[in-house]
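What follows is one structure encoded as structure tokens, with my remarks underneath.
The values are calculated or read from the model by the stated rules, or taken from the named source; none is laboratory data. Here the structure is a predicted model, which is why all the values come from computation and not from measurement. Note that we place each Cβ from the backbone using ideal geometry, even for glycine, and neighbour counts take in every protein chain shown.
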Amino acid sequence: MTPTHFTISSAFLLGLMGLAFHRTHLLSALLCLEAMMLALFIALSLWSLQLDATGYSTAPMLMLAFSACEASAGLALLVATARTHGTDHLQNLNLLQC
Amino acid sequence: MNPFVLSILLLSLGLGTTLTFASSHWLLAWMGLEISTLAIIPLMAQHHHPRAVEATTKYFITQAAAAALILFASTTNAWITGQWDINFNLHAFPASLLTMALALKMGLAPVHFWLPEVLQGLDLTTGLILSTWQKLAPFILMCQIMPVNSSLITFLGIASTLVGGWGGLNQTQLRKILAYSSIAHLGWMVLVMQFNQQLALLALVIYIPMTFSTFMIFKTNSSTTMNTLAASWAKTPALTAITPLVLLSLGGLPPLSGFMPKWMILQELTKQDIPLTASVAALSALFSLYFYLRISYAMTLTISPNNLNATTPWRLQTTSSTLPLAISTTISAMLLPLAPATLALLSP
């Protein structure tokens, strides 16, 4: 495992840990998701740079476009949750348990 | 919802799954998964109800995390081996990571907690799409990576069958019961997937019409709890008589078509010389059978008290089309004699 690969992997896993264990606000969950996607963006761009694979240089842009769509859907859901539940605390999303 | 918007959403739902089916490149497969996730989110949140919005949020977070994990695993694989092909043999670590991510996407046992809650918040039509069509893409991806860590796959399968049986035992909410039944069925499919993918596909192909007819029956009765099913004898007597067949077919009783996949999976597991796994899976099917029997009892074998005026709504003409329900009930009750033909249809 190269140092670059190690750095990218730990950035991604840090985002994942944040998403899994820090469950206070919905906004921080969305930020963790975004951090994961950005780590993946850097991983994809460095992969195509390192292997001189010019055919893959569009892949990071495509991935970034999709992650932007995902982030906007997440923000829309943040607004919807704030309107229906009155807060963005993940603790208040408890209507469906039984 | 505006019909143009609805048609675009449904077409993107189809496009996403088709893209995942057709792709041999991990990035394209990931794009297909993302498209189908993003397309179903407006369908889930279309009723501005707190429960629907909450279910959508939970679904979005789990699916986005699972999709990111899939892309991370395939990028790691590309960094190690230099390959993006799905059919190319994966490195061991990304393969385990991918298996867990796909399990999270489908709702297999140690990572299944989102599925009952999400299904509980949706209406029955969207729930039907979620528990049939949305399972296809991750299922096919899992089939394609298949010769991976055998003990992990066996653990996922056994845990899913047990949890799927156990979780549904004390439920009175039909959608939660259906979610647990979906977990249990996926456990059976995953259990046999590493030995014989044709059988896993057969189990999926039988599972889809059974789930379709169950959801449509509940939708016809417009019931989401077991209590309201008790009044269905006055609304649709014929359907009330047929429902136990469909439910016991989901449970896997012999003359019905749900028995076929369970039979063949148990035979395959015995042939692979793992009788302990086979017996645990077979015994865990009893839990599921218990709650299907309880629904059948509440719906068919009892007549709940009713006033005289409310006993004749079956005379009224229904406006909804009953043809899809008729076809799927027939398939889910009587496919067992066609077992060799069905298996031959799915052989590569």
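Against the definition (under 16 Å from the mean Cα position of the chain (by Cα), without any contact (Cβ under 8 Å) to a residue 12 or more places away in the chain and surrounded by fewer than 22 Cβ atoms within 10 Å (Cβ to Cβ)), how does residue B:113 come out, yes or no? Explain how you work it out, then say what you get.
Details: under 16 Å from the mean Cα position of the chain (by Cα): yes; without any contact (Cβ under 8 Å) to a residue 12 or more places away in the chain: yes; surrounded by fewer than 22 Cβ atoms within 10 Å (Cβ to Cβ): yes.
Against the criterion (under 16 Å from the mean Cα position of the chain (by Cα), without any contact (Cβ under 8 Å) to a residue 12 or more places away in the chain and surrounded by fewer than 22 Cβ atoms within 10 Å (Cβ to Cβ)), residue B:113 qualifies.
Are any of the residues in segment B:119-126 touching a residue at least 40 places away in the same chain (Cβ under 8 Å), in contact with a His (Cβ under 8 Å, 6 or more places away or on another chain), within 14 Å of chain A (Cβ to nearest Cβ) and acidic (Asp, Glu)?
yes
Here are some residues: A:64, A:30. Which one is under 20 Å from residue B:39 (Cβ atoms) and away from every other protein chain (no Cβ under 11 Å)?
On the way: A:30 fails: away from every other protein chain (no Cβ under 11 Å).
Going through A:64, A:30 in turn, the sole match is A:64.
Can we say residue B:150 is within 19 Å of residue A:33 (Cβ to Cβ) and more than 18 Å from the chain's Cα centre (by Cα)?
no
Can you pull out every residue in segment A:67-98 that is crowded, with 18+ Cβ neighbours inside 10 Å, more than 30 Å from residue B:168 (Cα to Cα) and at the interface with chain B (Cβ under 7 Å from one of its Cβ atoms)?
A:70, A:73, A:74, A:80
When segment B:31-55 is examined, which residues are found to be closer than 13 Å to residue B:127 by Cβ and facing chain A (nearest Cβ under 7 Å)?
B:51, B:55, listed by residue number.
For the structure I just gave you, tell me whether residue B:139 is away from chain A (no Cβ under 14 Å), within 27 Å of residue B:206 (Cβ to Cβ) and of a type in the set (Phe, Trp, Tyr). Explain how you work it out, then say what you get.
Details: away from chain A (no Cβ under 14 Å): yes; within 27 Å of residue B:206 (Cβ to Cβ): yes; of a type in the set (Phe, Trp, Tyr): yes.
Considered against the rule, which asks whether it is away from chain A (no Cβ under 14 Å), within 27 Å of residue B:206 (Cβ to Cβ) and of a type in the set (Phe, Trp, Tyr), residue B:139 comes out as yes.
Among the numbered criteria (1) buried (at least 23 other Cβ atoms within 10 Å of the Cβ); (2) within 30 Å of residue A:3 (Cβ to Cβ); (3) at the interface with chain A (Cβ under 7 Å from one of its Cβ atoms), which single criterion is violated by residue B:73?
Status for residue B:73: all satisfied but (3).
Hey, among B:169, B:136, which residue is of a type outside the set (Asp, Glu), surrounded by fewer than 20 Cβ atoms within 10 Å (Cβ to Cβ) and touching a Ser or Thr at 6+ places or on another chain (Cβ under 6 Å)? Show your work before the answer.
Details: B:169 fails: touching a Ser or Thr at 6+ places or on another chain (Cβ under 6 Å).
From the options B:169, B:136, the qualifying one is B:136.
Tell me, which helices (runs of 4 or more DSSP H) lie completely within segment B:2-113 with 1 or more residues that are touching an Asp or Glu at 6+ places or on another chain (Cβ under 6 Å) and assigned by TED's automatic domain parsing to the domain that holds residue B:138?
Numbers: elements: B:3-22, B:26-44, B:50-81, B:92-106.
The qualifying helices (runs of 4 or more DSSP H) are B:50-81.
Take the residues in segment B:254-272 that are modelled with pLDDT of 90 or more and in a loop (DSSP other than H, G, I, E, B), then tell me which one is farthest from residue B:301 (Cα to Cα).
First, the residues of segment B:254-272 that are modelled with pLDDT of 90 or more: B:256-272.
Now narrow it down to the ones that are in a loop (DSSP other than H, G, I, E, B): B:256-258, B:272.
Details: B:256: 19, B:257: 22, B:258: 21, B:272: 41 Å.
Per the stated criteria, the residue is B:272.
Inside segment B:18-69, can you point out the residues that are farther than 26 Å from residue A:92 by Cβ and over 21 Å from the mean Cα position of the chain (by Cα)? Outline the logic, then answer.
We begin by selecting, within segment B:18-69, every residue farther than 26 Å from residue A:92 by Cβ; these are B:18-36, B:39, B:69.
Selection gives B:22, B:23, B:24, B:25, B:26, B:27, B:28, B:31, B:69.
Being of a type outside the set (A, V, I, L, M, F, W, C) and within 9 Å of another protein chain (Cβ to nearest Cβ) is the filter here, so list the residues in segment B:56-65 that pass it. Write out each step before concluding.
Here is the first cut: in segment B:56-65, the ones of a type outside the set (A, V, I, L, M, F, W, C) are B:56-59, B:62-63.
Scanning segment B:56-65 gives B:56, B:57, B:58.
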